[in-house]
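Student: This structure is in structure tokens; I'll ask about it shortly.
The values are calculated or read from the model by the stated rules, or taken from the named source; none is laboratory data. None of these values were measured; they are calculated from a predicted model. Here the Cβ positions follow ideal geometry from the backbone for every residue, glycine too, while neighbour counts run over all protein chains shown. Surface areas here come from the heavy atoms of the whole protein model, side chains and all, with no ligands, DNA or RNA. Shrake-Rupley method; radii C 1.70, N 1.55, O 1.52, S 1.80 Å.
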Amino acid sequence: MKRGLAIAAIISLVIILFLTSIELVAFDIAFYKREYEKLNIAQNTGMADGELMRVTEELLKYLRDERDDLDITAIINGESRQVFNEREVAHMVDVKDLFLGGVKLRIIAIVCFVFSLLLLYFLVKKSLWRYLASSFLWVFGVILLFGIILFILMYMDFTPVWDQFHYIFFSNDLWQLNPKTDILIRMVPEQFFFDTVQRILFIFGVTMIALFIPSFIVVKKQK
């Protein structure tokens, strides 16, 4: 029971850290600006830089549930028009549900983390850090193995990895957009998502390493 509580606490913490890493990157407007300049998105979408950033900010507001719709008008190729068509809007409804689901999952993980931590402390008192540290090392090992496999697959060919993500988390094919007709896929092409996943994994990885070092020291001292 003690080991189970420690592992539950660590897994909850890992979920919190991973979802927070996603949020930090997904809503970092400076990151979007750098990526847009790098990938020449303004020219590809037919929008001026300022107009492109305005549309992006409105899109992020929608994902944060700060606006109810994606009824956004912009100047595209010199003409004022609706930015997103019906298919794009329908897909973004799914994306928003996924983001908001992540927010709820993080709240549940925080509750589980606090509950497991308090109960574990009640059971083991001064041995709390030893249980947490050793459990973290086990979980870290599993995540490291998964991370290495993911990196290999990503750098071999990102497309099937990204497609598989959509097959898992979406129950329809609305995510399969057409660059010739859909602005959304031109705003965030596959290379954008490759860079996004890299950045998320980097932030998450640095955080995990920062926790690995003290955990390793605690376990080593106990031995």
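Okay, residues lined up against (1) more than 30 Å from SER134 (Cβ to Cβ); (2) assigned to a strand (DSSP E or B); (3) among the charged types (D, E, K, R); (4) in contact with a Lys or Arg (Cβ under 7 Å, 6 or more places away or on another chain):
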{"residue": "SER12", "(1), (2), (3), (4)": "no, no, no, no"}
{"residue": "LEU24", "(1), (2), (3), (4)": "no, no, no, no"}
{"residue": "TYR36", "(1), (2), (3), (4)": "yes, no, no, no"}
{"residue": "ALA42", "(1), (2), (3), (4)": "yes, no, no, no"}
{"residue": "ARG54", "(1), (2), (3), (4)": "yes, no, yes, no"}
{"residue": "ASP71", "(1), (2), (3), (4)": "yes, no, yes, no"}
{"residue": "ALA90", "(1), (2), (3), (4)": "yes, no, no, no"}
{"residue": "VAL93", "(1), (2), (3), (4)": "yes, no, no, no"}
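Student: Find the residue count for the stretch 26-60, including only residues that are free of Cβ contacts under 8 Å to residues at least 12 places away in the same chain, open to solvent by 80 Å² or more (accessible area, probe 1.4 Å) and within 19 Å of the chain's Cα centre (by Cα).
Tutor: Summing the residues that are free of Cβ contacts under 8 Å to residues at least 12 places away in the same chain, open to solvent by 80 Å² or more (accessible area, probe 1.4 Å) and within 19 Å of the chain's Cα centre (by Cα) in the stretch 26-60 gives 1.
Student: Just to be sure I understand, how many residues within the stretch 101-135 are more than 12 Å from ARG3 (Cβ to Cβ) and over 19 Å from the mean Cα position of the chain (by Cα)? Can you show your working first?
Tutor: Of all residues in the stretch 101-135, those more than 12 Å from ARG3 (Cβ to Cβ) come to 101-115, 117-119, 121-122, 125-126, 128-129, 133.
Add one more test, that the residue is over 19 Å from the mean Cα position of the chain (by Cα), and what stays is 111-115, 117-119, 121-122, 125-126, 128-129, 133.
Looking only at that region, the number is 15.
Student: Hey, among the residues in the stretch 120-137 that are touching a helix residue (DSSP H, G or I) at 6+ places or on another chain (Cβ under 7 Å) and of a type in the set (Phe, Trp, Tyr), which one's most open to solvent (accessible area, probe 1.4 Å)? Even if it seems obvious, please write down each step before you answer.
Tutor: We begin by selecting, within the stretch 120-137, every residue touching a helix residue (DSSP H, G or I) at 6+ places or on another chain (Cβ under 7 Å); these are 120-121, 123-124, 128-137.
Now restrict to residues that are of a type in the set (Phe, Trp, Tyr): 121, 129, 131, 136.
On the way: TYR121: 117, TRP129: 174, TYR131: 37, PHE136: 6 Å².
My answer is TRP129.
Student: Tell me the helices (runs of 4 or more DSSP H) entirely within the stretch 145-223 that contain at least 2 residues that are of a type in the set (D, E, K, R) and exposed (fewer than 13 other Cβ atoms within 10 Å of the Cβ).
Tutor: On the way: elements: 158-169, 183-187, 190-222.
Per the criteria, 190-222.
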